[in-house]
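Reading through the structure tokens given below for one structure.
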Amino acid sequence: MAPPLININDIRLTFGGNDLFSDVSFAIGERDRLCLVGRNGGGKSTLLKIIAGEIEADGGERFVQPGCKVAYLNQEPKFDGFATVEDYVLSALDEHEIDYAYRVYMLLDSVNIDPQADPTKLSGGEGRRAAIARALIADPQVLLLDEPTNHLDLPTIEWLEGEIKNFRGAVVAISHDRAFLNAISTGILWLDRGVMHRTDQNFAKFEEWSEEIFRKEAEERAKLDKLIAQETVWSVQGISARRKRNQGRLRRLYDMRETRSQQIERIGNVSLAADAGSTSGKVVIEATDITKSFGDRTILTGFSTRILRGDKVGIIGPNGAGKTTLLKMLTGQLEPDSGTIKIGTNLNASYFDQKRAALDDTMTLWDTLCDIGGDQVMVRGNPRHVVSYLRDFLFDEKQARSPVGALSGGERNRLLLAKQLAKPTNLLIMDEPTNDLDMDTLDLLQEMLADYEGTLLLVSHDRDFLDRVVTSSIVMEGNGIATEYPGGYSDYIAQRKLSSAPAVAEEKLGSTSGKGGKKSAPAPAAKPKPTGKMSYKDQREYDNLPGQIAKLEAEIAEIEAALSDGSLFTKDPNAFQKKVDRMAAARAELEAGEERWLELEMLREELGLS
């Protein structure tokens, strides 16, 4: 057996007077494909930097085989000081590695980056692709990747999976992307509460393996508790009966108590919940034959969709395909060039921005949540102390007065979730919410979105997350065509295989990245619309319903305003009850009216009248 390329022995790192991790030991073999997983803030990125030689540990030993080239992809690459992307990528080479310089154009062509572009002006996805090219340029023996899929589109993620599978050396990757880890890993390094666990299994086995570790820990705690109880009885009954005390046994008891008090319990989970607030109209968004172009570039051609209350819609596509443009049109922030978009009634939207623009690095966590001062956060209409609410998102009390700029990427996402989920909203718009989140938080976010009663618009490149959350997927091929499919990403792939329309290569989204020319699918031939007319009764009902719905909405708003007066019940209980009863009836009438209008609108479409 070949000796390992890197040996990590008894590594220890202290942060803020406490051990971030200690006694961490493992080896990296020449063909290992290891995923490094664990909680946000648990030290994964720091440990990867120690493996890369970027920082020194407080104790222990890092040994790298002589001549072993190690390449490291930072979670947040720095481009300052480089005039071009080519200069940035070539900076990874030593003088004796200049023979590898020819690969710069090949790699940058693979990820569709102009070698002469200014690296400081790249988008998040472009910067990540350039950084991956830099990590691969020197053909290293060990490749260390910190969140490599962040900001990447699906075609580039699949390209990266192929590169890793064909890579001749060892790989250690930190990632939240389950599908990516399932595709590349042959082993797991789990950094849990400062302790390293390892198994040589694919990441798909992680849940089963980790639960077994937790079960064994629980058994050990139970045994220790029983032993402590037995020793306590002895200390009370036996010591008083002896003139000479068995100090050794007493010390053993104290040591066990100390061990028990310091024993690390399984860390709690983030507490996630979202309030859909007031009920929106039945039809949330209706787009009909919308098109959009910027100059000579066509973003969208003839796209139609109807999004109803409670729908969870994923928007998928390569970077540059126009996902954000479509999102802005659907939410009324941008007008289409042609076609119509109708926005539903009584909508209260909340926007989760992948760039975290709602966070100010100079503000503390406390001030970020209590933006009007004080120490209370209104969480879905109920006051909560800011420290208590921060604990729901796994923040320590000491962090409450720390600046946002000191947080890791995952902690920033958790803080933004805390800020956004405190507000009642019936339309949740999330742009890449999964970046930097740990697996447990992702699981809870998925559960929260599954239980959410409002409407969700989700832009994501996380295939597993899409499969677990969305009810339908709008896929943008990058050639002006958008198609809606029922289900998540896997459902889209399955339906795409069965489709006879050759839009893109099988099992891949059409990409604006990669080698070769772009493939574009011809728009499917439009089906001839039947013609006819509605009955007089249906037409009259269709014409009158919008006015009736508007009157009901106004009446409901008026009753809500009256009921918000806390003194009404004490002044006139009968009047209060009448308003409550009328509110329920009006809401039922409104829902029935919206349902009927929707039925009539669908009838008009069938008759070719829309």
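Data for the structure
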quantity: Lysine pairs in the stretch 536-606 with Cα atoms under 23 Å, if 8 or more residues apart or on separate chains; calculated: 4
quantity: Theoretical gain in end-to-end length, residue 574 to residue 27 [0.36 nm per residue, Cα-Cα removed]; calculated: 189.4 nm
quantity: Alpha-carbon Rg/Rh ratio, for the stretch 357-423, with Rh computed the Kirkwood way; calculated: 0.91
quantity: Distance between the stretch 581-610 and the stretch 111-139 - C-alpha centres, whole angstrom; calculated: 52 Å
quantity: Rounded to 5, percent antiparallel among DSSP beta bridges of the stretch 6-208; calculated: 50 percent
quantity: Distance in nm between pseudo-label sites at residue 451 and residue 375 (7 Å out along the Cβ direction from Cα); calculated: 2.9 nm
quantity: Lysine pairs with alpha-carbon atoms under 21 Å apart, the stretch 6-208, spacing 8 or more or separate chains; calculated: 8
quantity: Linear extension gain, residue 99 paired with residue 2, 0.36 nm per residue minus alpha-carbon span; calculated: 32.2 nm
quantity: Sequence-distant aspartates and glutamates (8 or more away, or on other chains) whose Cα lies within less than 13 Å of residue 223; calculated: 231
quantity: Residues of type aspartates and glutamates that residue 226 reaches as a straight line, Cα spacing below 19 Å, ignoring anything fewer than 8 places off in the same chain; calculated: 217, 255, 258, 265
quantity: Highest to lowest packing among 57-67, 473-483, scored as the average C-beta count within 10 Å; calculated: 473-483, 57-67
quantity: Alpha carbon centroid spacing (whole Å) that separates the stretch 313-375 from the stretch 189-203; calculated: 37 Å
quantity: R0 of 56 Å, Cβ-Cβ distance residue 12-residue 471: FRET efficiency to nearest 0.05; calculated: 0.70
quantity: Burial ranking of peptide ranges 175-183, 101-109, 485-493 (average Cβ count within 10 Å, highest at the top); calculated: 175-183, 485-493, 101-109
quantity: Under Karplus coefficients 6.51, -1.76 and 1.60, residue-wise ³J(HN,Hα) of the stretch 365-372 in Hz, glycine/proline x; calculated: 4, 4, 5, 5, 7, 9, 6, 10
quantity: Size of charge dipole - the stretch 536-606 - debye, nearest 20, with Cβ of Lys, Arg +1 and Asp, Glu -1, no other charges; calculated: 440 debye
quantity: Farthest toward positive dipole pole in the stretch 6-208 [+1 Lys/Arg, -1 Asp/Glu at C-beta], among 79, 148, 28; calculated: 28
quantity: Projected label distance in nm at residue 106 and residue 207, using a 7 Å step from Cα toward the beta-carbon; calculated: 4.1 nm
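A short reminder: the numbers here are calculations on the coordinates, not readings from a lab. All figures in this text were calculated on a predicted structure; none of them were measured in a lab. As a convention, Cβ positions derive from the backbone with ideal geometry for all residues, glycine included, and neighbour counts pool all protein chains shown.
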